[in-house]
Each structure stands twice: as structure tokens, then as C-alpha cells.
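Since the structure comes first, as C-alpha cells, the remarks are kept for the end.
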Amino acid sequence: MKNFLFSTLLLMLPFSMMAQQEYRVLSPDGLTYLNVKLADGRLTYNAGYRTVVKAKKKGAVADTLDVPMILESPLGLYTSVGDFSKGLEYRPMPKNVERLNQKHEYTLRQGKQSKISSEENTLLLCFTNPEAKAKKLVMWVLFNVFNNNIAYCYRICQEQGSQTSAVVVTGEASGFRLPTDATAFICPQSDPMIGWMQTKPSYEEGYIWDEPITKRSGYGHGWTFPCLFREGDKGWVLISETGVSSSYCGSHLSDATSDGLFTIAFPMEGENNGFGSTGAQMGLADSHVSPNDKDTQWTPYRTITFGRTLKPIVETTITWDVVEPLYEPSIDYKGSRNTWSWIIWQDASINYDDQVKFIDLAASLGWEGCLIDGGWYENIGREGMEKLFAYCKQKGVRPWVWYNSNGGWNNAPQTARQCMHNSIVRKKEMKWLHDNGVAGIKVDFFGGDKQETMRLYEGLLSDANDFGIQVICHGCTLPRGWEKMYPNYCSSEAVLASENLYFSQGFCDMEARHACLHPFVRNAVGSMEYGGTVLQKRLHKEPGKGNTRRTTDVFELATAIVFQSSGQNFALTPRNLTEQPQFEIDFMKQVPTTWDETRFIDGYPGKYVVLARRHADNWYIAALNAQKEPLNLTLNINGYHVKTLLVDEAPQPMNPDKKGNLNITIQPSSGAVLY
């Protein structure tokens, strides 16, 4: 999965060949740095960005100053064949792979950007220690330094004559040390097998907001990826991981130590109903095999994104830059806007007649799909579903179908169950779906982050691709590069999503604040199946009942742009066609779900956000305000070619000045859309 190109660039500088080695790598633009050090058998790194310092004398050359964002932090692996965190000795690598430059040109069917060009400078180092040397084993560490981003991963290799060919990684020394005065926007890892019918952890806990990094997580298990940190006026750091497939487990961050060190934490024993190892089982490659060999085993990447501002955080593509597709798409998958009865009408709506109403709604809006949620197996049955599938075809709407993932890791009763847990039953089900024109499935209630569960995700996605079916995951882990790795992958929940608006008035009261957080954290690293854009003021099938939405309609319209997912299960209901102003329906009829470009304009996590996204030649600018006071914005709209402004519940005239500056005032819990 790692492709290397030879370069004569001096990307790696060994300061000493004695017991201590130090290496420095700069990004292609020279403004992101990584320092790696081996001292006393321990491998550490520090990283940050460089700022240009103006020359004091006229005509003098400007200098640069390192701004540290990650302080000295440990590296290494704990394995069944040895401890690769201590007693390390440097092993020289061939120069044509040790110092490298690589350019990436690729396309994404879905995501924040469709055509991506990125460039990195890499450093590949090799280490052993007395314990590993006796077994003829070495550890490779690969560092990738992009503009504003760093990623690193490991591989354990066997040398000639080794009798070891497999390893279990039991943990990592990998750490991220931050200044103790930094603050965090992070979400705690829950206890296993708690919550609704023992379905957690499911990445659905509440965040802490701008609080000290040394605060202990509520459950005592650390924090789920991604993790956003603010280091005062120096800027921002986003930490996550990518490239997790069936060959490793998903990870998270530990609680921070008193001196600001977070380390990689592996899954808990109780996840997946206690079944499966908490570590990662891997095969070993020969050390003489080229790093180009795609069959070799690497750990997932640990990723770090830096920014003096939030722009690099929101626009980062590091999640996909360092991974490769694991298989080819079987068809040309497309984005989909889906109606979805369950989000407002709930379980009782999973019947034949109500589903017909939502299929009709999708057809009226010109949307591509309709999601039929849990309970269909009992309430509608397969024969009834086949009639619905035929009705979908008649109306030009493609169905999506909900499934319980369960094979033994949750007690959730929703059906259909026992259809997705192993390849034999899964392929039988997929054929039935394919033969009936189903576009995608939404699979719910996964069991945690163990390697055993990651194998389920990968098998499910691979089997679905064989039948031309897209996959949405719900009640699940964070996607880690999956948009590129699995071409039929659509999106994942992994967030406290819109269903909580129905369940809790308190969540309704906090909706605006949550919406203004996700573009900077959760949605910055992967597609987010939130299921929003609620236009009913009361969240219930019957008028006058249910929780009260606090946001304006234009706020909800703006979330259709701010929240990124190629498959959007929107919360519109048949009532909206007659109760909402026509301009709102017209906007929802044409809003896309796939994007070719994303630009961060302004914002602060949990307070407000202004984003611009482009689909083909059409730009959309969306703004959300979660503050208690009005937000006054001056937007320069030159180059965006927007013609319509929606703000404060009605279209407004656009009167930019000669420079293209447009003044907008957005009320609390409201939004604006320009398109």
C-alpha cells in the first residue's frame, strides 16, 4: 500500500552516526517539520510548523522559526515477539528508499474533494534490539511529511534465517505530547457492552469543549478518534488514524498524563461481547522485500494535522493520501439523497403503506433513494418488500434497506438480523437485494474496534461490492480512509446524530452547537451519516407533539452542505411539501451530496462555521451560528458565482460592494445559504 519513488532531495539529515541519531524531515513547502531521534535505545519524535521571521536588516534573507505543536513523544510497538520500544539500534536502509519524495494524484467518488493532488517527503528507518536480533527481526518505521500533515506507521520484518513468520501486536508506545495548557475538543470512549441493548462503544458520547487536555475521560478509557486540540495562539492540532483494515484493530487515545502525553490505546476486552483479541494479528514480510510490495503488513497510520488557523484542519486530505483502494468498484457508484420515515415517524412507520408515502416523497423531490429502516422483516416481510422494490422502480427511486449486523455481539431486537454476520448468509442476502434493484444497505449495531470487528466491516463491504451495493454503517466505529480503500463505502454515523433530536429535548437545545463542531472534528476525517435537515418544528408524526426544534429552517438547509456524506438520509416528511415555503423545497430538490472542492472560510468549533463547497461548476456557501448573539459576516463572493441568498427564513437580495464583499447578519441558531 506504500509506493516509493527515488529522489536525490536531502530530506533526511542524520546528525550523528554514534549511539544517538537525529533526523529532520521538512514538507515539500518547507513549512512543516518532523524531528526523529534515537537516544539510549528509545525512539522519539517532535513536530510542528515553521513560521517565516522577517529579516531585521534591509536586504537580509528572511529566517524561519520552528513552532512546536507535538513535543517529544515516544514511538514503538509491543509485540508477542519482542518489545520494540526500548534497546533499539539503528540499521541502515538502502538510500534509494530511505530518503524519498512522492506525489499523489487520485480521485475520490465522495468526500470533501474529488480530484486530489498532494506531495510528501518520506523517511524510512529500520531498527532492531538484542531481543529482536536473536530472532532475526527488525522494525521499520515510515514517516510521511506533507504540507500541514504528518503520518507514520510500522512494520515488523523477518531477516534471512528467521524462524518467526507471524506476530501479535499487543500495544503501541506511539504517543502525542502536547503542552499542558492546551485545550481539547474530544469525545470519550465508553465502557463496552452498555447502552441500548449492549451496543456500545459506538462513538456516540458527548464531547468536552475547549477544556484542559489533562481532564480525565468520563469512563476512564480515553478518547475516540479524531481528537482536536487548541494550543492557544500557536494554533490547532488534529490527531487521528487511517488505513485500518482487517489486518489490524481500531485504536483510540488514552487519557493524558500530567505532562500532556496521550498514547495509542487498543480495544477493551469486553468489546464484541468479549470475543476476539484486543491486539492485532499480523504476518511478517522479509526485510529484503521492497517497500513497494503491496502484500506486506503495515500498521495503520497515525495522522497529525497542524494549522495556525483551522483551514488546514477542515480541508485536510491526509486520511486518504496515504491509503490505496483494496479492490475495484464493480459499478459506477453514485451519490444518493434518500427519504427516511423512521427519523420522525419512528418504528410504527415501518409498514407497507407508510413506506409508499416516503417513496412518493422521494419521487416528488427528484431524489435518488428511499431508506426502509429496521423492523421491515417482521412488519412488511420479504414478499411485501419485493412489492415495495417494484414500486420504487416504477417511481424511479432506488431502495436502501436497513440491517442489524448482529451475529452475537448485541441484544438489539430490530430486524432483519442474522443476515450480515458471515459471508455465506451475506452473499445470499446480497443477491436477493441486487436482483430487486436495491442501491444500498444501512448496517447497524457493530461490536467495537477489535480486529475481529474490522474483519466484519471489510467482509461486508467486499461482498456488497460484488453485487454493486453501497454500504452505510450506523452504531459503528469511525471510518479510517474507507472512502478510498472500499469504493462502495458510503458513510458512517460514529457521532451523536440526529436521532437524538427525537429522543431528547436537551439534544434539540444543543443542536446548533453540535452542528458547529463536527466540520472541525468528526467530519474533517471521514464521511458522516448524521441524517439531518429536519424541517418540522415539532419532531413527531402528529402535529403539536414531540420535542421542539430550536434552529431555523435555513439553519437546517445549511447543514445539508456543512455535513458531508455521499448518501444523505434526510429528515423531510410528506408534510413538508405543503407546510414549508417553496424556496426551501426547491433548494432541497437540487442540493447535491458529492463535492469536488471544499474551502474553509471562517469559524470556531462549537460557535459558528462558514464553509464553501463546489459540485461541478456550482458553488454553495453555508454558514451556521450557534452563539447567543447575532453573527455579523463579511463574505467575499468573487469567484463563487452564487445568485441566491437564503437567510432568516426567506430569500434576500444580494448587494455586494464593488470588491465583492457581502455583509450578512445571522441570528442565533440560524444560518445562511448562498448558491
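Of note:
- Restricting the search to helices (runs of 4 or more DSSP H) fully inside the stretch 497-549 and requiring at least 2 residues that are in contact (Cβ under 8 Å) with a residue 12 or more places away in the chain and either among the acidic types (Asp, Glu) or in contact with a Cys (Cβ under 7 Å, 6 or more places away or on another chain) (or both) gives 499-503.
- One residue from 485, 430 being touching a Leu at 6+ places or on another chain (Cβ under 6 Å) and under 30 Å from residue 114 (Cα atoms): 485
- Filter result for residue 122 (outside any strand (DSSP E or B), hydroxyl-bearing (Ser, Thr, Tyr) and in contact with a strand residue (DSSP E or B) (Cβ under 8 Å, 6 or more places away or on another chain)): no
- Residue check, residue 349 in contact with a helix residue (DSSP H, G or I) (Cβ under 8 Å, 6 or more places away or on another chain), small (Gly, Ala, Ser) and under 29 Å from residue 272 (Cβ atoms): no
- Some residue of the stretch 447-457 being part of a loop (DSSP other than H, G, I, E, B), among the hydrophobic types (A, V, I, L, M, F, W, C) and farther than 24 Å from residue 375 by Cβ: no
- Residues that are closer than 12 Å to residue 569 by Cα, outside any loop (DSSP other than H, G, I, E, B) and of a type outside the set (Ser, Thr, Tyr) within the stretch 474-496 comprise just one, 490.
- Among residues of the stretch 625-663, those that are part of a strand (DSSP E or B) and over 21 Å from residue 614 (Cα atoms), counted: 6
- Residue satisfying all of: in the stretch 550-578; in a loop (DSSP other than H, G, I, E, B) and without any contact (Cβ under 8 Å) to a residue 60 or more places away in the chain; surrounded by the most Cβ atoms within 10 Å (Cβ to Cβ) among these: 563
- Yes/no for residue 61 being at pLDDT below 95 and of a type outside the set (Gly, Ala, Ser): yes
- Subset of the stretch 579-624 [surrounded by 16 or more Cβ atoms within 10 Å (Cβ to Cβ), in a loop (DSSP other than H, G, I, E, B) and among the charged types (D, E, K, R)]: 596, 607
- The set of residues from the stretch 510-534 being touching a Phe, Trp or Tyr at 6+ places or on another chain (Cβ under 9 Å), among the aliphatic types (A, V, I, L, M) and under 24 Å from residue 341 (Cα atoms) comprises 512, 515, 528, 534.
- Checking each residue of the stretch 6-24 against the condition of being modelled with pLDDT of 50 or more and buried (at least 20 other Cβ atoms within 10 Å of the Cβ) gives at least one match.
- Test: residue in the stretch 491-507 that is under 25 Å from residue 334 (Cα atoms) and aromatic (Phe, Trp, Tyr): no
- Selection status of residue 297, assigned by TED's automatic domain parsing to the domain that holds residue 233 and either more than 29 Å from residue 611 (Cα to Cα) or polar (S, T, N, Q) (or both): yes
- Once the stretch 436-465 is narrowed to residues that are surrounded by fewer than 23 Cβ atoms within 10 Å (Cβ to Cβ) and in contact with a helix residue (DSSP H, G or I) (Cβ under 7 Å, 6 or more places away or on another chain), the residue that is nearest to residue 532 (Cα to Cα) is 437.
- Within the stretch 202-234, tally of residues that are at positive phi and surrounded by fewer than 21 Cβ atoms within 10 Å (Cβ to Cβ): 3
- Total residues in the stretch 220-270, condition part of a loop (DSSP other than H, G, I, E, B) and either assigned by TED's automatic domain parsing to the domain that holds residue 154 or closer than 22 Å to residue 517 by Cα (or both): 24
- A count restricted to the stretch 125-172 and to residues that are among the polar types (S, T, N, Q) and either in a helix (DSSP H, G or I) or modelled with pLDDT under 95 (or both) stands at 6.
The values are calculated or read from the model by the stated rules, or taken from the named source; none is laboratory data. Computed from a predicted model, the values in this text were never measured in an experiment. FYI the Cβ positions are ideal-geometry reconstructions off the backbone, even for glycines, and counts take in every protein chain you see.
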